[in-house]
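Handing you a structure now.
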Amino acid sequence: MSPQELQVQQKREVEKQQESTVPARTFMPTTDIYETESALTVVLEMPGVDKSNVDISVEAGILTIEGRLDFSKYQDMQPVYTEYNIGHYRRSFSLSSKIDQSKIGAEMADGVLTITLAKAEEAKPRRIRVG
Amino acid sequence: MYHPLDALFDLQRALDARLDSDWLRGTTAGTGAFPPINVFQQGDGLVAIFEVPGINRTDLEIQAKDNAIRITGKRAITYPEGVSVHRRERRTGSFDRTLTVPMQIDANGIRAEYRDGVLALFIPRAESDKPRTIRIN
């Protein structure tokens with residue numbers, strides 16, 4: 001593969017189902033999702049979010065990820081030139097297969113959250129032989 | 001009452017107000033080049049902040065010469081073998097970007113911090129560039 005140049009991906013704002021009471025904007029993390037026979041892996045980019053500020057929930061087949069940005073370090077800084085905005089992150093996905101709630105793994109490195117959702121036994125694919 | 005979320009909104013508006021401002025005077029290629037840059041004033045110096053999620057610190061290289069700061073690096077994403085990919089939004093590749101600031105800086109005094117996919121460069125202003133107070137005798 002030839003080396004390719006990285007381009008900026010514009011941050012997408014979360015489209016709200018309800019209007020929130022506070023005006024601050026929330027962004028959608030850039031996400032990769034892939035599946036193996038036993039698990040579903042969701043990888044989300046949330047630059048600036050510490051692992052202690054991440055919430056992951058699975059409820060009624062919806063996976064929701066929230067990341068809160070600590071913006072206190074910006075307190076004594078005045079912007080002079082900007083190319084991107086910052087804010088908290090949120091994104092939800094509806095899960096197509098049943099997940100074993102007791103086996104959700106998450107790790108964070110360099111602002112990237114990797115969630116591994118183990119599939120419930122009944123959701124694992126069965127090989128079907130042609131008789 | 002002071003609300004931290006109002007503080008975030010204020011910060012977001014302040015960042016929007018400076019979107020592609022002419023402060024860099026065209027010396028730095030603008031939006032579109034990776035990584036995106038925000039530049040702040042902090043005291044006498046500058047802070048340049050870059051979002052580079054998923055990039056290992058060993059894959060980042062920073063060089064400074066005169067008032068130009070060059071950031072190069074690459075992002076590799078590997079998938080385990082035999083997976084089926086449902087969604088692929090993250091991109092891989094290399095980057096090489098130079099930020100040229102419109103003031104004399106102390107290139108030797110630049111401090112870099114990398115945390116949670118965010119690179120912050122603390123850039124001190126050169127002593128010779130700092131304003132002097134002139135007394136009237």
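The values are calculated or read from the model by the stated rules, or taken from the named source; none is laboratory data. What you are looking at is a predicted structure, and each value in this text was computed from that prediction instead of being measured. All Cβ positions, even for glycine, are placed from backbone atoms using ideal geometry, and neighbour counts span all protein chains on display.
From A:10, A:101, which residue is in a strand (DSSP E or B) and modelled with pLDDT under 90?
Result of the check over A:10, A:101: A:101.
Quick one: which residue in A:111, A:48 is at the interface with chain B (Cβ under 8 Å from one of its Cβ atoms), in contact with a Leu (Cβ under 9 Å, 6 or more places away or on another chain), at positive phi and not basic (Lys, Arg)?
Unique residue meeting the criteria: A:48.
May I pose another question? Could you grab me the full set of residues in segment A:108-131 that are free of Cβ contacts under 8 Å to residues at least 12 places away in the same chain and within 21 Å of residue A:43 (Cβ to Cβ)?
Hits for segment A:108-131 are A:109, A:110.
Would you pick out the residues in segment A:77-104 that are in contact with a Gly (Cβ under 8 Å, 6 or more places away or on another chain) and within 23 Å of residue A:52 (Cβ to Cβ)?
Within segment A:77-104, A:86, A:88, A:89, A:90 meet the criteria.
Looking for whichever is more than 7 Å from chain A (Cβ to nearest Cβ), under 22 Å from residue A:85 (Cα atoms) and either buried (at least 17 other Cβ atoms within 10 Å of the Cβ) or modelled with pLDDT under 95 (or both) here; the options are B:45, B:117. Which one fits?
Of the residues listed, the single one that is more than 7 Å from chain A (Cβ to nearest Cβ), under 22 Å from residue A:85 (Cα atoms) and either buried (at least 17 other Cβ atoms within 10 Å of the Cβ) or modelled with pLDDT under 95 (or both) is B:45.
Test of understanding: among B:122, B:95, which residue is touching a residue at least 60 places away in the same chain (Cβ under 8 Å), over 13 Å from the mean Cα position of the chain (by Cα), under 27 Å from residue A:11 (Cα atoms) and surrounded by 12 or more Cβ atoms within 10 Å (Cβ to Cβ)?
Only one candidate passes the filter, namely B:95.
Return yes or no: is residue B:55 within 27 Å of residue A:70 (Cα to Cα), in contact with a Lys or Arg (Cβ under 6 Å, 6 or more places away or on another chain), outside any loop (DSSP other than H, G, I, E, B) and within 14 Å of chain A (Cβ to nearest Cβ)?
no
Suppose the filter is in contact with a Ser or Thr (Cβ under 7 Å, 6 or more places away or on another chain), over 22 Å from residue A:15 (Cβ atoms) and part of a strand (DSSP E or B); does residue A:64 pass it? Let's see the steps before the verdict.
On the way: in contact with a Ser or Thr (Cβ under 7 Å, 6 or more places away or on another chain): yes; over 22 Å from residue A:15 (Cβ atoms): no; part of a strand (DSSP E or B): yes.
Taking the combined requirement at face value, the residue does not satisfy it.
Next question, about the same structure. Just name the residue that is farthest from the other protein chains (Cβ to nearest Cβ) out of those in segment A:68-79 that are crowded, with 18+ Cβ neighbours inside 10 Å and within 20 Å of residue B:35 (Cβ to Cβ).
My answer is A:69.
Let me ask you something else. Which one of these is crowded, with 18+ Cβ neighbours inside 10 Å, at pLDDT 95 or above, under 13 Å from the mean Cα position of the chain (by Cα) and not small (Gly, Ala, Ser): A:44, A:63? So that I can check it myself, show each step before the final result.
Working: A:63 fails: at pLDDT 95 or above.
That would be A:44, the only listed residue that is crowded, with 18+ Cβ neighbours inside 10 Å, at pLDDT 95 or above, under 13 Å from the mean Cα position of the chain (by Cα) and not small (Gly, Ala, Ser).
When segment B:71-100 is examined, which residues are found to be part of a loop (DSSP other than H, G, I, E, B), within 9 Å of another protein chain (Cβ to nearest Cβ) and hydrophobic (A, V, I, L, M, F, W, C)?
B:77, B:83 - these are the residues of segment B:71-100 that are part of a loop (DSSP other than H, G, I, E, B), within 9 Å of another protein chain (Cβ to nearest Cβ) and hydrophobic (A, V, I, L, M, F, W, C).
Taking into account only those residues within segment B:59-84 that are closer than 19 Å to residue A:5 by Cβ and of a type in the set (Gly, Ala, Ser), which is surrounded by the fewest Cβ atoms within 10 Å (Cβ to Cβ)?
If we take residues in segment B:59-84 being closer than 19 Å to residue A:5 by Cβ and of a type in the set (Gly, Ala, Ser), then B:76 is surrounded by the fewest Cβ atoms within 10 Å (Cβ to Cβ).
Within 15 Å of the chain's Cα centre (by Cα) and either more than 7 Å from every other protein chain (Cβ to nearest Cβ) or in a helix (DSSP H, G or I) (or both): is that true of residue B:29 in this structure?
So residue B:29 fits the description; yes.
Go through (1) within 11 Å of chain B (Cβ to nearest Cβ); (2) among the acidic types (Asp, Glu); (3) outside any loop (DSSP other than H, G, I, E, B); (4) surrounded by fewer than 13 Cβ atoms within 10 Å (Cβ to Cβ) for residue A:32 and report which single condition fails.
Here residue A:32 clears every test but (4).
On to the next question. Can you tell me which residue in segment B:101-114 is surrounded by the fewest Cβ atoms within 10 Å (Cβ to Cβ), limited to those that are assigned to a strand (DSSP E or B) and in contact with a Lys or Arg (Cβ under 7 Å, 6 or more places away or on another chain)?
Keep residues of segment B:101-114 that are assigned to a strand (DSSP E or B), which gives B:105, B:111-114.
From what is left, the residues that are in contact with a Lys or Arg (Cβ under 7 Å, 6 or more places away or on another chain) are B:105, B:114.
On the way: B:105: 20, B:114: 18.
The residue in question is B:114.
Going by what's in this entry, would residue B:56 be described as among the polar types (S, T, N, Q), on the phi < 0 side of the Ramachandran plot and buried (at least 16 other Cβ atoms within 10 Å of the Cβ)?
Working: among the polar types (S, T, N, Q): yes; on the phi < 0 side of the Ramachandran plot: yes; buried (at least 16 other Cβ atoms within 10 Å of the Cβ): no.
For residue B:56, the condition - among the polar types (S, T, N, Q), on the phi < 0 side of the Ramachandran plot and buried (at least 16 other Cβ atoms within 10 Å of the Cβ) - is not met.
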